[in-house]
Structures are given as C-alpha cells and as structure tokens.
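Okay, so here's the structure we're looking at.
The values are calculated or read from the model by the stated rules, or taken from the named source; none is laboratory data. Because the structure is a prediction, the values reported are computed rather than measured. Glycine gets a Cβ as well: all are built from the backbone with ideal geometry, and neighbour counts include every protein chain shown. The protein model used for the area step is the full one, side chains on, heavy atoms only, and it has no ligands, DNA or RNA in it. Shrake-Rupley method; radii C 1.70, N 1.55, O 1.52, S 1.80 Å.
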Amino acid sequence: MSAATFSTGIKADARIPLRAHVRHTGALVRRNLLWIRQDPESMFDAILFPVIFTLLFVYVFGGSIGQSLGGGREQYVQYIVPGLMAMMGMNLAQSVGTGFNQDFNSGVMDRFRSLPIGRGSVLFAKISVELLRMLIATTILMVVGVLVGFDIENWPGLFAAVGLSAVFGSALMWVFLTLGVVMRNAQSVQAMGFLVLMPLQFGSSIFAPPGTMPGWLRRFTEYNPLSTLADAARGLMTHGPVAHGLWMTLAWSAGITAVMAPVAIHKFRTKT
C-alpha cells in the first residue's frame, strides 16, 4: 500500500464523526465474535488458564506458602485467587498482540485499512472482544476458586476488583497491539512479551508475599503494577487495605494508555 494511500486514509479517518467510529467499532466487534464462533479453539486459553493455574498453585504450592502466611492451603487460596486475576489479565493481553500480528500477515488488516472506516475502530474492537474474553476467564476463575475454598467476603469489592483488572488489562493491550504491529511474526511478539512480563510476573506479590524477598526486590514489587493490582484485588475482595494498590494501579493504567494508545494507532496507520 503506497504512502499516498495511507495519507489519504489518515485524512479520511480524521473526518469520520464519533458516531461513525462507534458504529464501525460495533461492526468489527461483531466480526471478531463471529470469528471466535467459527474458531472456538481460540477460547481455550481463556477457559483453561484459570482452571489449570488455580489447581496447580493451590495444590502444589498451597501447603508450604500457606504456612508462611500463618495458615495452610486454605489461607493460600485466599491469597492466590486475587493474584491470579492480575496474572490472567496480563496473559490474555499478550494474546491480543499475537492475534493482531497474524491478522497483518494474513492480509486482513490491509483490507481493513483500505476501507473508509476509523483506523482506531479496528484497535478498539480488538480490545473490546479481549475484555469480553477476560470477563469470561475471570468468571471461570472465581467459580474454580470458590470450589477449592475461596471465600468471597465482599461482593461489591469483587466487582470492583474485576473492573480494576479490566482497566489495567486494557492498558496492557495497547502495549501488545503495538508489538503486534512492529514485530515481524507472532513468535516474535510472544518472545518479547515473555521477556518483558516474566520478570514482572514473578517479581511481584501475585504468588507469594514479598516479605522474604531481598530488599532490592521488595522495593521493586512495591511499584510493580502487577503487585499493586493483586494487592488491591485482595483488599477489595477481603476487606483488606486498598488505597495504595488501587491508586497505583489506576496511575499505571492511565500512564500506559496515555503513552501507548497513540503509538499503537500511529503505527497501525503508517505500517507498510
């Protein structure tokens, strides 16, 4: 696609009114949902991830880490389930980038960019569908968590924690949408995501309390967005402390979105 065509597309995009953007986004959301219906295997990660990881961490690590929390496996269930909510949003956000990259390599995105639709609508539709997948995965996580002994002490707090996870997950999706545009293939997106997210994931309070970590790592976990999200979710769901984790997570979400959303839209518009 030529530079002149892209320039024309960008100018046309700027002239599209907000109502048309919303309509285009709705049509693309429907298209993505129909694609999932035709390819149900694409839902396996959202369905199986919360089941496998909940059972794995509760029954493999629950006894030993639960003792460090002053209890046993039951105590660890209360700790790990909100943490897995944060981890789940991160992993599903990563899948956005790989799917976006595959759409580029298959030529689907070239077709979208040749149409008189808002360029941002394509990205917002992707995020909307992934948020729906995240809500499905969160529902499964909570069902499995309750079955293994998780006690929901604060139902309004549960819904607030789900909303907070969705806000942070949508912010991370902008990062992976950008990677999906700039990387050559889906394997590169996965590799880059692994290198970035693995230290954040295990250098956090998701799986274990940071009290026994070295001092430098404890300081890192205090400002790690996955730690702040997990801690805020625990506080919201169990009447624990919330303020620090909540505001830090919202600040991270706003900052990531403010920086990466314009970058993702720009890269999408100008990719050749």
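Each row is one residue, and each column tells you yes or no for (1) modelled with pLDDT of 95 or more; (2) over 24 Å from GLN102 (Cα atoms).
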| site | (1), (2) |
| --- | --- |
| LEU197 | no, no |
| GLY203 | no, yes |
| PRO214 | no, yes |
| ASP231 | no, yes |
| ALA251 | yes, yes |
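Looking at LEU48, LEU34, can you tell me which residue is more than 28 Å from MET192 (Cβ to Cβ), out of contact with any strand residue (DSSP E or B) (no Cβ under 6 Å at 6 or more places or on another chain), of a type outside the set (Val, Ile, Thr) and part of a helix (DSSP H, G or I)?
Numbers: LEU48 fails: more than 28 Å from MET192 (Cβ to Cβ).
Being more than 28 Å from MET192 (Cβ to Cβ), out of contact with any strand residue (DSSP E or B) (no Cβ under 6 Å at 6 or more places or on another chain), of a type outside the set (Val, Ile, Thr) and part of a helix (DSSP H, G or I) holds for just one of LEU48, LEU34, which is LEU34.
Enumerate the pairs (first residue in the stretch 19-41 and farther than 16 Å from PHE100 by Cα; second residue anywhere and of a type in the set (S, T, N, Q)) with beta-carbon separation below 8 Å, excluding pairs fewer than 6 apart on the same chain, so at least 6 apart or on different chains.
HIS21/SER121; HIS24/SER121
Could you tell me whether PHE100 is under 17 Å from the mean Cα position of the chain (by Cα), surrounded by fewer than 22 Cβ atoms within 10 Å (Cβ to Cβ), within 19 Å of ARG269 (Cβ to Cβ) and not polar (S, T, N, Q)?
Working: under 17 Å from the mean Cα position of the chain (by Cα): yes; surrounded by fewer than 22 Cβ atoms within 10 Å (Cβ to Cβ): no; within 19 Å of ARG269 (Cβ to Cβ): yes; not polar (S, T, N, Q): yes.
Considered against the rule, which asks whether it is under 17 Å from the mean Cα position of the chain (by Cα), surrounded by fewer than 22 Cβ atoms within 10 Å (Cβ to Cβ), within 19 Å of ARG269 (Cβ to Cβ) and not polar (S, T, N, Q), PHE100 comes out as no.
Give the residues of the stretch 234-253 that are polar (S, T, N, Q) and closer than 20 Å to ILE80 by Cα, sorted by residue number. Write out each step before concluding.
Of the residues in the stretch 234-253, the ones polar (S, T, N, Q) are 238, 249, 253.
Residues satisfying the conditions are THR238, THR249.
Could you grab me the full set of residues in the stretch 111-127 that are hydroxyl-bearing (Ser, Thr, Tyr) and either surrounded by fewer than 19 Cβ atoms within 10 Å (Cβ to Cβ) or in contact with a strand residue (DSSP E or B) (Cβ under 7 Å, 6 or more places away or on another chain) (or both)? Please lay out each step first, then the result.
Step one: of the stretch 111-127, the residues hydroxyl-bearing (Ser, Thr, Tyr) are 114, 121.
If the condition is that a residue be hydroxyl-bearing (Ser, Thr, Tyr) and either surrounded by fewer than 19 Cβ atoms within 10 Å (Cβ to Cβ) or in contact with a strand residue (DSSP E or B) (Cβ under 7 Å, 6 or more places away or on another chain) (or both), then SER114 is the only one that fits.
Within the stretch 171-224, work out how many residues are among the aromatic types (Phe, Trp, Tyr) and open to solvent by less than 10 Å² (accessible area, probe 1.4 Å). Steps first, answer last, please.
Residues of the stretch 171-224 among the aromatic types (Phe, Trp, Tyr): 174, 176, 194, 202, 207, 216, 220, 223.
If we keep only those that are open to solvent by less than 10 Å² (accessible area, probe 1.4 Å) too, we end up with 176.
Of the residues in the stretch 171-224, 1 are among the aromatic types (Phe, Trp, Tyr) and open to solvent by less than 10 Å² (accessible area, probe 1.4 Å).
Checking SER64 against (1) loosely packed, with under 14 Cβ neighbours inside 10 Å; (2) modelled with pLDDT of 85 or more, only one condition comes out false. Which one?
Among (1) loosely packed, with under 14 Cβ neighbours inside 10 Å; (2) modelled with pLDDT of 85 or more, the lone unmet condition for SER64 is (2).
I'm checking my understanding of the structure. Among residues of the stretch 240-272 that are among the aromatic types (Phe, Trp, Tyr) and more than 13 Å from GLY169 (Cα to Cα), which one is farthest from the chain's Cα centre (by Cα)?
Filtering the stretch 240-272 for residues among the aromatic types (Phe, Trp, Tyr) gives 247, 252, 268.
Next cut, more than 13 Å from GLY169 (Cα to Cα) only: 247, 268.
Values: TRP247: 18, PHE268: 20 Å.
Here the answer is PHE268.
So which helices (runs of 4 or more DSSP H) are wholly in the stretch 209-272 and hold at least 2 residues that are out of contact with any Cys (no Cβ under 6 Å at 6 or more places or on another chain) and basic (Lys, Arg)? Write out each step before concluding.
On the way: elements: 215-223, 225-238, 243-270.
By residue number, 215-223, 243-270.
Looking for something within 30 Å of ASP110 (Cα to Cα) and hydrophobic (A, V, I, L, M, F, W, C) - is there at least one such residue anywhere in the stretch 202-217? Working first, answer last.
Step one: list which residues in the stretch 202-217 are within 30 Å of ASP110 (Cα to Cα), which gives none.
Taking every residue of the stretch 202-217 in turn, none turns out to be within 30 Å of ASP110 (Cα to Cα) and hydrophobic (A, V, I, L, M, F, W, C).
Answer with yes or no whether GLY71 is farther than 22 Å from PHE100 by Cβ, at pLDDT below 85, open to solvent by less than 40 Å² (accessible area, probe 1.4 Å) and assigned to a helix (DSSP H, G or I). Walk me through it before giving the result.
Working: farther than 22 Å from PHE100 by Cβ: yes; at pLDDT below 85: yes; open to solvent by less than 40 Å² (accessible area, probe 1.4 Å): yes; assigned to a helix (DSSP H, G or I): no.
In short, no.
Taking ILE36 and the conditions (1) modelled with pLDDT of 80 or more; (2) more than 21 Å from MET142 (Cβ to Cβ); (3) of a type in the set (A, V, I, L, M, F, W, C); (4) open to solvent by 50 Å² or more (accessible area, probe 1.4 Å), which numbered condition does it fall short on, given that it satisfies the others?
So the condition that ILE36 fails would be (4).
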